[in-house]
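Report on one structure; see the data block that follows.
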Protein chains: 2
Amino acid sequence: MVKCRKNNLNDVFSVLSDPTRRSIIEQLSKGERSVQELAQPFDMSLPAISKHLKVLEKAGLVSQRKEGRYRYYFIKPDSMDSACEWMEGLKQVWTKLEGMFSGGKNKSQ
Amino acid sequence: MVKCRKNNLNDVFSVLSDPTRRSIIEQLSKGERSVQELAQPFDMSLPAISKHLKVLEKAGLVSQRKEGRYRYYFIKPDSMDSACEWMEGLKQVWTKLEGMFSGGKNKSQ
DNA sequence: GCGACACTTTACCATATGGTTAAATATAAA
DNA sequence: TTTATATTTAACCATATGGTAAAGTGTCGC
């Protein structure tokens, strides 16, 4: 019941649209981190970070593990796949378009 | 002055988080379209579509060309690159992580 | 010129988002 | 048991977002 690769493009892209959350993801890509560790670089209250983590978790990008009073968050590696694939697909088409632009009629900007 | 690849990750991801806008992008990847053509598949007012197009344009993903009373929108092919690259970078790291998970300590879920 | 057409702009509205502070919960330490 | 630490939850607030209807703008066709 791993809820693997559900078509949650909305959630994934929405999550990634916030710089704080992208930064958290970047931190987590170096390994699991406690909430304090994650919060440290930001000039922001702990509840704010907690909320971001909840959003990230709901979108399936991270998960957590409780150890004593600490809570370690870590990345769920395949969670971004659907979004990645969506963009890849577009990118292919767009590359073709780029050729059309160079040779073609649309020279706007 | 092409405003090429400014670090507008926020805007790009934000734009992509809306299914209507993703759908518009998918349509446009088949070629330029007028506003009516773009609006046709949606059960939504024209102003709503117009707004979405504006958002897409502001984020730099599309541009338009006026022809008579029609307005043709088209994709700006390299506009998604920064976002694409960001995800690619993550994906590489995550793939490594996946290996760590299989062999490793985090078996959560 | 005038009405139809294509589209945008302008209010306007409900809900979502991202932040805050203060209180609650849970575990560790003294 | 009391206190400190780690984190979440709750209540609140301002602003952003995605939609609407109605009016405005510009172009075409009669």
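A few remarks follow.
- Output for the stretch B:50-69, where each listed residue is free of Cβ contacts under 8 Å to residues at least 24 places away in the same chain and of a type outside the set (Ser, Thr, Tyr): B:LYS51, B:LYS54, B:GLU57, B:GLN64, B:LYS66, B:GLU67, B:GLY68, B:ARG69
- Only one of the listed residues (A:SER63, A:SER14) is open to solvent by less than 40 Å² (accessible area, probe 1.4 Å) and closer than 23 Å to B:GLU88 by Cβ. That residue is A:SER63.
- Matching residues in the stretch A:12-69 - criterion: being more than 21 Å from B:VAL12 (Cα to Cα) and acidic (Asp, Glu): A:GLU32, A:GLU37, A:ASP43, A:GLU57, A:GLU67
- Some residue of the stretch A:8-16 being assigned to a helix (DSSP H, G or I) and more than 10 Å from every other protein chain (Cβ to nearest Cβ): no
- The single condition among (1) hydroxyl-bearing (Ser, Thr, Tyr); (2) facing chain B (nearest Cβ under 10 Å); (3) assigned to a helix (DSSP H, G or I); (4) without any contact (Cβ under 8 Å) to a residue 60 or more places away in the chain that A:TYR72 does not meet is (3).
The values are calculated or read from the model by the stated rules, or taken from the named source; none is laboratory data. These figures come from a predicted structure and were not determined experimentally. With ideal geometry, Cβ positions are generated from the backbone for all residues, glycine too; neighbour counts draw on all protein chains shown. We work out accessible area using only protein heavy atoms, side chains counted, and drop any ligands, DNA or RNA first. Shrake-Rupley method; radii C 1.70, N 1.55, O 1.52, S 1.80 Å.
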